Amino acid sequence: MVSTVVLNISWCRFEGSCNIGCMIRLLALPFLLGSSILMAEVARPDGVLPAYVLQLPDSVDDILIVETDSSTMYRFGQGDDALENRGTHYVSIGENGVGKQRPWDRRTPLGIYFISEQLDTRLLHEKYGPTAFPLDYPNVRDRSLRRGGDGIWIHGVAPQAGNRPPRDTDGCIALRNDELLAIADKLLPLVTPVVITRKIDWRRPQQIAALREELNAALDAWAKSYESGDLHRYLSSYADNFEYRGMIRSEWAAFRTATFTNVVRSLALDDVLLLADPEESDLYLSRFRQEISDDERTVATIKRLYWQRSADGKLRIIAEDNG
């Protein structure tokens, strides 16, 4: 069973340690025309957690959470049996705000994404800074909601530019070059999650633990039905509005019925990451490595299942993808 890091949270300033509840950091941000904005960051009460991090596997050491309302990017990571804040960074987002829907709307998307690669920006425009990390927007959930566009990156700024205004990109997330380079080796393609939200929702550990247990139970039931060849039980894990590669649920169910077999197999899951969507209520992502074995071979893949609570209160899958 993978380790779960949700017990409590230790807070610190980016520059050093502080006492809980007694420190407010005011960061002056120089902008165009000599203007400036003060961004206040208040230390959170001990034990309060970002609601989106339900379970981190050992393979994920860092997770980024971007709070667009405050132009702040938090980097959380695994501590000793705790989720710890490893630093905060001022960021600039899309010129037209958040909620990306179409190409060139200059908005930053909201949701759960993963860094897909690291780019060498030496041959690109200097505004991208010393390196860039594309995100996997649009993901399968975005595509099911007919959201378009691409090219959403975490990147730096032009040399000597310092902080850009809060809304000053084409939809990307930009931060100072020195700060980006300081964390660049922690941003791992196909590993590091990036949660983008308007304002972070903070929850008590008990609330998060209950969701974690419920989601793990739903995932376990899905895996057992697949392993046992129980087609009826397997299909019952999928919501009525499930879509897969252009097929609605009835079409996909007919396809799975024709291809589903009762061949004895083993199905093993590990590296299970569980996250709550910041924008859609009761939407959750499970991402894991699965190994399916039969008498002839073993196939390993990285899989994503998107779960949402149905009208009867049960969690069911509304989308799935690999990678």
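With a sphere of radius 15 Å drawn around the Cβ of Arg102, what net charge do the other residues whose Cβ falls strictly inside it have (Lys, Arg +1; Asp, Glu -1)? Once all neighbours under 15 Å are counted, the net charge is +1. Taking 7 Å steps out from each Cα toward its Cβ at Asp240 and Arg198 produces label points 2.9 nm apart. Annotation note: chymotrypsin sites (Phe, Trp or Tyr not before Pro) in segment 178-286 located in DSSP loop regions with a Cβ neighbour count of at most 15 within 10 Å are Phe260. Legend: residue pairs Lys186/Lys303; Lys186/Lys224; Lys100/Lys127; Lys199/Lys314; Lys199/Lys224, Cα-Cα distance threshold 29 Å; pairs beyond threshold, Lys186/Lys224; Lys199/Lys224.
The amide H of Phe242, built 1.01 Å from its N in the peptide plane, has Arg249 as neighbours under 5 Å, considering only residues 5 or more places off or on other chains. Between the amide H of Leu110 and those of Gly99, Lys100, distances stay under 5 Å, these residues lying 5 or more places away or on another chain, with hydrogens modeled in the peptide plane. Summing +1 for each Lys or Arg and -1 for each Asp or Glu among the other residues whose beta-carbon sits under 14 angstrom from that of Arg265 gives -4.
Values quoted throughout were computed directly from the atomic coordinates according to the rules given, and no laboratory measurement underlies them. Note that the structure is predicted; figures quoted are calculated from it, not measured. Every residue, glycine as well, gets a Cβ built from its backbone with ideal geometry; the counts of neighbours run over all protein chains shown.
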